[in-house]
Each structure stands twice: as C-alpha cells, then as structure tokens.
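See below for the structure under consideration.
Quick note: the coordinates plus some simple rules give every number you see, no bench work behind them. Not measured: the values here are computed from a predicted model. So basically every Cβ, Gly included, is an ideal-geometry build from the backbone, and we count neighbours across all protein chains shown.
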Amino acid sequence: MEGDCGKDDSERFGEEAVEEDEEMLKKRISAHPLYGLLIEKHLNCLKVGLGDIEEVGITTAFNQADHTKLNATIPRSSELDNFMEVYCMTLGKLKEAMEKPVQETATFISTMYLQLSELNVTPEPSSPVLQLDKSQELET
C-alpha cells in the first residue's frame, strides 16, 4: 500500500509541474510583443468565417506591411519569437485563403440576383403584343 501512496504523490507532483509549466508558457505568450497582433489576426479570420467581409480585398497590403514590420522590429532570439512570427503570418495567409471563396460566392449570388431580377421584369402595357391580345379578346 505504501508503494501506491508514493506513486500517487509522484503523479500528483508531475501533474502540478506540468500545470505550472503550462501556466508559465501562457504568461510568456500573453506577454510577447506579437501577442496583440496574433489576437488581431485570429479575430480577422473569425470575422471572415462568420461572414463579416468588410475587409475583403485589402488583406494583401496589410499582410505585406505586417510582414515588413515583423522582420524589422522583432529580433529572432528564441523559439517563441519564431513561432509567434510564423503563426501571425500563417493566420494572415489563412484569412486570404478564406476570403477568396467568400468573395467568389458573393459575386455569384449578386450575378444570380441580377439575372433573376431581369427575368421578373413585367412587360409594359403599351407594348404592341399586349394591345393585339386585348383587342382580340374584346372582339370575341
């Protein structure tokens, strides 16, 4: 029985150490200079996914500016720095990839709407075809 208690204590100590490491990593990530940009990029992806397409088409210019800013201001000193930079760029590329089908779908829907609107146009009553039909009805 004593061996089991010792094993339980070491498992609990191991779990606590893992939890402490995770908390430390979370603090390091949230304190990182790119954390705000990472959150912004993530939210932009969510906006596109949820249908908020206000910013469609202006992504490329911002991503190039962000990439230049990242390379100029962030020294590559640690694995976390590299991870944060790559993750931010990846989220930017994901947003672009998500925007393209959304934009194509919106264009398709607009085109279909216009075509359907053209089909629903009722002819004017002054057209000669309608007048002939009405005069024939009157004679019968």
Item to check | Projected label distance in nm at Ala31 and Ile109, using a 7 Å step from Cα toward the beta-carbon | outcome: 4.5 nm
Item to check | Distance in nm between pseudo-label sites at Asp81 and Glu23 (7 Å out along the Cβ direction from Cα) | outcome: 2.8 nm
